[in-house]
Amino acid sequence: MNSPFVALLHSMLSSLRDLTPIILVIAFFQLFVLQQPLPNMVELLFGTFFVVLGLTFFVYGLNMGLFPIGESMAHAFAKKGSVFWLIGFAFALGFGTTIAEPALIAVAAEAAKVAAQAGAILNTEEAQSSYALGLRITVALSVGSAIVLGVIRIIKGWPIHYFIIGGYILVVIMTAFAPEEIIGIAYDSGGVTTSTITVPLVTALGVGLASSIKGRNPVTDGFGLIAFASLTPMIFVMVYGLIV
């Protein structure tokens, strides 16, 4: 067997191990608490197999492609020595990965549907589509800005906790003024941005950049970009709620 096949097999076994607790929890509550047989057993087995397969290829692809390219580009920008292009890349990366985030697309569509039912916007397909797109763009802009702020922090060596504490204080203040209908959406927007597409590339950018700058520690300085990406959408979406 060749090396890539062995690595893929190991990744599949690891994915199966990671999913085992979830499978056991569902089986326990279904059989011993609800005391009902598992419905459509064949479909469930096939579905579980495809989940394991999908997770395997996803993790394997991250390690093979996204993490290395993120780190290599961070190294290249650091060697180039152009802060302007580094910041431009950081914003574009944050915006591009977030606007394509499947979880954000789903949440934005659901938020538009609920807003239309509540009378906050017109109950038409065009109004819902416009509202959802506006929400996605707002969140993407916030993440792009957050990555820029995080990159500047890494370059300057500023402590992360000042930004996080100050950011959450601002979230609390904004919550007092934002429309009640948008607060829950804003909080959820902070979570959905840190998902399958955004996290790998942004993490690789932070670690790669901190590794390339003299005097920076990848452990203490390279991480934290995801925290910014989770925090800023709450603020931006509440501002979006105030305007819209």
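The values are calculated or read from the model by the stated rules, or taken from the named source; none is laboratory data. Everything quoted here is computed from the prediction, not taken from an experiment. Cβ atoms come from the backbone with ideal geometry, glycine included; neighbour counts cover every protein chain shown. Ligands, DNA and RNA are excluded from the accessible area calculation, which covers all protein heavy atoms including side chains. Shrake-Rupley method; radii C 1.70, N 1.55, O 1.52, S 1.80 Å.
Atom-type composition of the exposed protein surface of the stretch 124-244 places 67 percent of the accessible area on carbon and sulfur (1.4 angstrom probe).
Summing Cβ point charges (Lys, Arg +1; Asp, Glu -1) relative to the Cα centre of the chain gives a dipole of roughly 960 debye.
Averaging the sequence gap over all C-alpha pairs within less than 8 Å and six or more residues apart, then dividing by the number of residues, gives the chain a relative contact order of 25 percent.
Toward the positive end of the charge dipole of the chain, with +1 on the Cβ of Lys and Arg and -1 on the Cβ of Asp and Glu, the farthest Cα among G222, F50, A120 is that of G222. Here the Debye sum runs over all C-alpha atoms of the stretch 48-121 as equal scatterers in vacuum, and log10 of I(q)/I(0) at q = 0.11, 0.21, 0.22 Å⁻¹ comes out as -0.53, -0.98, -1.01. Spacing of the modelled spin labels on K79 and E126, each 7 Å from Cα toward Cβ, amounts to 5.3 nm.
The residues of the chain expose on average 56 square angstrom of accessible surface per residue, using a 1.4 Å probe on protein heavy atoms.
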